[in-house]
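Worksheet: one structure, shown below.
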Amino acid sequence: MTEPDRPLRLDAPREEALEHAVKLVTEAWRSFDRFRPEEPPLGERVRALLRTSLPQEPSAVHEALDDTARILDQSIAQPRPRYFAFIGSSGLEIGTIADLLAHTYDVNLAVDSRAATEIERQAVRWAAEFIGYPADCAGAFTSGGTVSNTSALAAAREFALPGSRHEGLGGKRVAVYCSQEVHYSITRAIEMLGIGSSNLRAIPLGEDRGMLPDLLAAAIDEDRAAGVNAVAVVATAGTTLTGAIDPLDAIADVCEERGVWLHVDGAYGLPAAAVRPDLFRGFERARSVSVDAHKWLYLPKACGVVLVRRQEDLAAAFAHEEGYLPHQRHELHAVDFTFEYSRPFRALKLWLALRAHGAQAFREAIERNLREARLLYETVSARPDFEALGEPRLSIVPFRHVPEGVGDLNAHNQRLGDALQADGRVWIATALIDGDVWLRPCFVNFRTTEEDVLDLVEIAAEVGERLA
């Protein structure tokens, strides 16, 4: 085939297109190094692009790339150092490069991809070693916490009720146990698995907002006496709402005494076990855990990891024998222990990042975020016009503006949250905690500085006073 006959040709050499893309990426990285004074509105060029119909003819690739850069620049980008909303990812540069390389080769980890398959296994071990989970575990890289948690609970369901993946629950009475502030992905997972969200037992919280182990034990025992099968207990290592950590050691005792599968949802918080192991004592006893490397390990989305003590538990939940996937040497394919079939080489991001930076650099970055959370807590606690929900366990610090003369603090802080997003100097969201509205910043960005933290308080005070 001659070059003019090759389909899907660009109007410029592909090397030129790549150079153009690299220039745009470099400009973006530079823009992330400092805070943005505002979030720009959609420009007229982007609005015009939004009005176009399906393109039938090609555009100049350089023009299309520049339009792409405009669209991205006018989007809310989590890598920016003053993005404090939700639990963001911060787009570590080496992870971007890993994605480029992995997507260039378009590796598929469904079956066997030789070196890539072995690297994923190594990256699973490295992830486990980093957080302190047994390094002889098994697991796989996923699109994030929802798929990781669903995978782990599928294994738990098959462990508790062998054959249920084939037969269904068949009228069996079942339950899964969690804290009242469990992430919605757990609810979604048990709905997908046929367990039903009405069978999710939300255990009350203690003063530190962690699940109460005594009440958990009582709930399991009461259910079993009534003929209900305990499928799993889900403990949370860093809740999305406040960063609370369930008492993992005591929960592990409850589960081991009763032979119940313990899954730890550590999608947000578990990387901090590398620097604060005492907060997470007992999580290593869980039969499965989940971690999102695209949260507090700073990598670009999507890069989740599910870890299990025994690979055969995942295989029991997912393995199939298909004519188009013959097993050789009795070895499992990756698809035999993962929820996804076609699966990109997500593990390369973590593997390359650990190679390029070393584990200690990640520990230091996590420590820095923890110090920033402490700085915010101490700063707002020292001011009469703010109050904090409580001392942070991790890097989430709910606080609110409490100016004199404002009667409805909930309405005021909701207006404040909306106004701060309109202002654009910081990006923050509100959260409803115990019926009250709080500003809820989370620090999981390696670019964030102490200056950013202090300016967050000053900007919130400035905008809040104007509203009050």
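The values are calculated or read from the model by the stated rules, or taken from the named source; none is laboratory data. Only a predicted model underlies this, so the values are computations on that prediction, with no experimental measurement involved. Here the Cβ is made from the backbone with ideal geometry for all residues, glycine too, and neighbour counts use every protein chain on show.
What pairs come out if I take residues in region 209-232 that are assigned by TED's automatic domain parsing to the domain that holds GLN180 and modelled with pLDDT under 95 and pair them with residues that are surrounded by 15 or more Cβ atoms within 10 Å (Cβ to Cβ) and not polar (S, T, N, Q) whose C-beta lies under 8 Å away, six or more apart or interchain? So the pair list comes out empty. Restricting to region 276-295, name every residue that is within 30 Å of ASP99 (Cα to Cα) and small (Gly, Ala, Ser). Of everything in region 276-295, those that are within 30 Å of ASP99 (Cα to Cα) and small (Gly, Ala, Ser) turn out to be SER288, SER290, ALA293. Of all residues in region 108-137, those being at pLDDT 95 or above, of a type in the set (A, V, I, L, M, F, W, C) and either out of contact with any Lys or Arg (no Cβ under 7 Å at 6 or more places or on another chain) or outside the structural domain of VAL264 (by TED's automatic domain parsing) (or both) number 10.
Kindly provide the set of residues from region 30-51 that are surrounded by 11 or more Cβ atoms within 10 Å (Cβ to Cβ), outside any helix (DSSP H, G or I) and not aromatic (Phe, Trp, Tyr), ordered by number. ARG34, ARG36, GLU39, PRO40, LEU42, GLY43, listed by residue number.
Would you be able to say whether some residue in region 11-29 is under 25 Å from THR448 (Cβ atoms), out of contact with any strand residue (DSSP E or B) (no Cβ under 9 Å at 6 or more places or on another chain), loosely packed, with under 11 Cβ neighbours inside 10 Å and not β-branched (Val, Ile, Thr)? Checked region 11-29: no residue is under 25 Å from THR448 (Cβ atoms), out of contact with any strand residue (DSSP E or B) (no Cβ under 9 Å at 6 or more places or on another chain), loosely packed, with under 11 Cβ neighbours inside 10 Å and not β-branched (Val, Ile, Thr). The residue list ALA218, ALA189, ALA154 contains one member that is more than 27 Å from the chain's Cα centre (by Cα) and assigned to a helix (DSSP H, G or I), which is ALA218.
Look at region 333-350: where a residue is in a loop (DSSP other than H, G, I, E, B) and of a type in the set (Ser, Thr, Tyr) and a partner is surrounded by 24 or more Cβ atoms within 10 Å (Cβ to Cβ) and modelled with pLDDT of 95 or more, sitting 6+ places away or on another chain with Cβ atoms under 6 Å, you get THR338/ALA140. Screening ARG70 on (1) more than 28 Å from VAL426 (Cβ to Cβ); (2) touching a helix residue (DSSP H, G or I) at 6+ places or on another chain (Cβ under 6 Å); (3) not hydrophobic (A, V, I, L, M, F, W, C) shows it passes everything except condition (1). Looking for something surrounded by fewer than 22 Cβ atoms within 10 Å (Cβ to Cβ) and in contact with a Gly (Cβ under 9 Å, 6 or more places away or on another chain) - is there at least one such residue anywhere in region 339-348? Taking every residue of region 339-348 in turn, none turns out to be surrounded by fewer than 22 Cβ atoms within 10 Å (Cβ to Cβ) and in contact with a Gly (Cβ under 9 Å, 6 or more places away or on another chain).
Among the conditions (1) modelled with pLDDT of 95 or more; (2) part of a loop (DSSP other than H, G, I, E, B), ALA365 misses just one, which is (2). Each residue in region 71-127 was checked for being surrounded by 16 or more Cβ atoms within 10 Å (Cβ to Cβ), more than 21 Å from the chain's Cα centre (by Cα) and in a helix (DSSP H, G or I), and 4 pass.
In this structure, does LEU375 turn out to be in a helix (DSSP H, G or I) and buried (at least 18 other Cβ atoms within 10 Å of the Cβ)? Considered against the rule, which asks whether it is in a helix (DSSP H, G or I) and buried (at least 18 other Cβ atoms within 10 Å of the Cβ), LEU375 comes out as no.
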